[in-house]
Amino acid sequence: MIELTINKDDSFNVYQWCVAPTVYLDHWAWIKISESETLTNRFSRALKSRNGTLAFSWLNIIEFSKVTDEEQARKADALLGAI
């Protein structure tokens, strides 16, 4: 979880914490799960039912910035939305 707070003096604080279980999906795993509605539903339900944390890295963002298949990008975004 990431929380950003803006103070009265316009400075800000960023807090980050994880709640177990914490899961990190590499780019290939994210794509594989998001290609299947069944896997998307199972994964998102499992993580939410345990109040877990999805770890998302700058590397994920860089890898997804190179995706050219619009359908693949839409499904990957839908997985994030489901979580």
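Note that the range 2-19 has calculated 3J(HN,Hα) couplings of 10, 10, 10, 10, 9, 7, 4, 8, 6, 7, 9, 10, 10, 10, 9, 8, 10, 10 Hz, one per residue in order, obtained from phi through the Karplus relation 6.51 cos²θ - 1.76 cosθ + 1.60 (θ = phi - 60°); glycine and proline are x. Here the gap between SER49 and ARG74, fully extended at 0.36 nm per residue and compared with their Cα-Cα distance, gives a gain of 6.6 nm. Report the one residue of LEU47, THR68, SER34 whose Cα lies farthest in the direction of the positive end of the charge dipole of the range 34-83 (charges on C-beta: Lys and Arg +1, Asp and Glu -1; origin at the Cα centre). My answer, from the dipole projection, is LEU47.
The sum of -39500 (n - 2.57) across all DSSP H runs of n ≥ 4, divided by the residue count of the chain, sets its helix-only mean residue ellipticity at 222 nm to -15000 deg cm²/dmol. Once the 1.4 Å probe is applied to the protein heavy atoms, the chain comes out at 76 Å² accessible per residue. Considering the chain, its Cα convex hull presents a mean projected area of 6.5 nm². GNM remark for the chain: springs join alpha carbons under 10 Å apart, and the peak mean-square fluctuation among LYS32, LYS66, LYS48 falls on LYS66.
Computed over protein heavy atoms with a 1.4 Å probe, the carbon and sulfur contribution to the accessible area of the chain reaches 57%. Potential lengthening of the chain between HIS27 and ASN41 amounts to 3.2 nm, from the contour at 0.36 nm per residue minus the alpha-carbon distance. Rg ratio for the range 43-83: its Cα radius of gyration over 2.2 N^0.38 Å, N being its residue count, equals 1.29. Residues whose amide H lies under 5 Å from that of THR53, counting only those 5 or more places away or on a different chain, are VAL19, THR22, VAL23; hydrogens are built 1.01 Å from N in the peptide plane. Loop-located chymotrypsin sites (Phe, Trp or Tyr not before Pro) across the range 1-55 with a Cβ neighbour count of 16 or fewer within 10 Å are TRP17, with loop assigned by DSSP. With a Förster radius of 25 Å applied to the beta-carbon distance between SER11 and TRP58, the computed FRET efficiency rounds to 0.60.
The values are calculated or read from the model by the stated rules, or taken from the named source; none is laboratory data. Since we're looking at a predicted model, the values are computed, not measured. No Cβ is skipped: glycine too gets one built from the backbone with ideal geometry, and neighbour counts run over all protein chains shown. All accessible areas refer to the heavy atoms of the entire protein, side chains included, with ligands and DNA or RNA removed. Shrake-Rupley method; radii C 1.70, N 1.55, O 1.52, S 1.80 Å.
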